[in-house]
Amino acid sequence: MDKAVRTKYVRWQWRTLIALMLGYICYYFLRKNFSAAIPAMEAELGLSKVQLGIFLTLNGIVYGVSRMINGLLADRYSKRLLMSLGLVLSCIINLAICFSPKLNGVFNLLDGEGKATMGLVYLIGSLWVLNGYVHGMGYPPCAALMAHWFRPSELATKQSIWNASHSIGAGLVIALCGWMLSKFGYSAWNLCFIVPAAISLIGAVALYASLRDDPSSVGLPPVEGRDSESKPEVQLTGEKYRSFISRMVFRNPVIWGISISDFCVYVIRFTILEWGTTFLTQYKGFDIALSASIVAASELIGGVLGTIVAGWVTDRFLQSKTLRTSALFTLGATICFTLFWRVPAGAAWIWSAILIVASSFFIYGPQALLGVSCSQYATKRASGSANGFCGIFCYGATVISGIGFGWLADKPGLGWNAVFVVAILFGLIGSAILLSYWKSPADGYAKADKVLAELQ
């Protein structure tokens, strides 16, 4: 590759990486705003934790299924269009949630005290579940684009940089919503939906203008499967393509192991992200502004640093073996979350804040790297499908972290203590599964070569 082509390649790689980061920050603006609004919606609309937990669970399950469907689409069709369209649709849904109580004149959505009737519960819940589907149009195109634009030996570092968008988006929107609720009161809960939607609509237009589906679309050669690989790619269609996807994803035991461990990782992640503001106010006794600030810091400081450090350590010291880093970080997150739970009553708030930030630092390592693992072990040809398959497990975790933890938190005699115990147990299980892959190779390209040879 001559100097001019290399310069163009680097420029487009960074353009793609930055566009994907900003685009996914907007996705998180339209996803974690609901978690930030939970205390206000509880107070103003009279929604229960079980109802809110059901919303979170169904949203997560539908999101996981959507990631699978859209992962298959991302490997076959325009990733640029798929991601941009999903963001626009999510803006529309968030605006609909914002204005849903205004339909009370048409439908019986509020009772005499201004609390939600079951009609409004069903309406908001249905919209949030639909939002889960359109959000599944975001991650698979990102994973596929990263695999098409970056070599396997640098994917952990670059995708970890991109993965910081999760924490940046969640942290910013939680801080924004916390500030708005603190300034304008819980009655302004609808601002948590309309403001992020307005910002993200602009982001969707910029995203579509900035992205390209692969290097060939701008006149560049395809990225190499390995640093030393120079042979042209074998093209697969029809039954051969389906067979390749089946063997590299659905019948690949490593992808199954990654997916199950990611389920455990997401239980801890969602416990902090979805319920953090709530358990800090109700279990630790902090006010809403401080609670939102702690959760925002756990994302913006802990999450961002955790993803970047995990990727750098993997490529710099562990020969791009993402599963090793994921095992160590999952164990670290479990230990920190246990210490947070055991902070004595009456202790200064800073200790709880430090441990929540540390928990996020460690949990975002595997959250980022297990997606990289899917791309590496399934190879770039099937990265979207593998990440979509893994997504079903990740967001199946909302059955535990959503309705399960909502029920436990409301149950007399159990409460938040039971929530922490269950989350910690899943952390230990995930750590054990990942440690069992300690001696696995760094990627699945050797297996892919064998499969391709058999399909010729």
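Read-outs: derived from the displayed coordinates by stated rules, not from any lab. Keep in mind that what you see is a predicted model, and the values were worked out from it rather than measured. Methodologically, a virtual Cβ is constructed for each residue, glycine included, from the backbone with ideal geometry; neighbour enumeration extends over all protein chains shown.
Across the chain, the relative contact order, built from alpha-carbon pairs under 8 Å that are at least six residues apart, equals 28 percent.
Counted residue by residue at 0.36 nm each, then reduced by the alpha carbon distance between them, the extension gain from Trp256 to Ser216 reaches 11.2 nm.
Taking amide hydrogens as placed 1.01 Å from N in the peptide plane, the amide H of Leu110 sits under 5 Å from those of Thr117, each at least 5 positions away in sequence or on another chain. Note on Leu455 and Ala206: with the Förster distance fixed at 60 Å, the Cβ-Cβ geometry gives a FRET efficiency of about 0.90. One quarter of the convex hull surface built on the alpha carbon atoms of region 349-456 amounts to 9.1 nm², the projected area averaged over directions. Dividing the summed helix terms, -39500 (n - 2.57) for each DSSP H run of n ≥ 4, by the number of residues in the chain produces a 222 nm estimate of -25000 deg cm²/dmol to the nearest 500. A Förster radius of 25 Å, combined with the Cβ-Cβ distance separating Ala289 from Trp312, puts the computed FRET efficiency at roughly 0.15.
Please compare each pair in Lys49/Lys284; Lys380/Lys450; Lys32/Lys321; Lys49/Lys115; Lys49/Lys411; Lys158/Lys380 to a cut-off of 21 Å on the Cα-Cα distance and tell me which ones are over it. Table pairs above 21 Å Cα-Cα are Lys32/Lys321. With both labels modelled 7 Å from their Cα along Cα-to-Cβ, the Leu81 to Val10 distance reads 3.4 nm.
Count the net charge of all other residues whose Cβ sits under 15 Å from the Cβ of Val419, scoring Lys and Arg as +1 and Asp and Glu as -1. Local net charge: +3.
Please list, short to long, the whole-number percent of alpha-carbon pairs of the chain in consecutive 20 angstrom bins beginning at zero. The distribution over the chain is 26, 57, 16, 1, given as percents.
For region 1-72, what mean projected area does the convex hull of the alpha carbons give, in nm²? One quarter of the hull surface, i.e. the mean projection, equals 6.8 nm². Each of Ala345 and Ser243 was given a label point 7 Å from its Cα along the Cα-to-Cβ line. The distance between the two points is 6.6 nm.
Restricting the calculation to alpha carbons of region 250-365 gives Rg and Dmax of 15.4, 52 angstrom.
Span-like helix check, the chain: qualifying full DSSP H segments, with Cα axial length of 30 Å or more and mean Kyte-Doolittle of 0.0 or more, are 3-29, 49-74, 79-99, 152-184, 253-282, 349-378, 415-435. Simple spin-label estimate for Ala418 and Gln319 gives 4.7 nm between the two label positions (7 Å along the Cα-to-Cβ direction from each Cα). Once you divide the Cα radius of gyration of region 1-156 by 2.2 N^0.38 Å, the number left is 1.31. Using a 4.7 Å Cβ-Cβ cutoff, the cysteines of the chain lacking any partner cysteine are Cys26, Cys91, Cys98, Cys142, Cys264, Cys336, Cys374, Cys390, Cys394.
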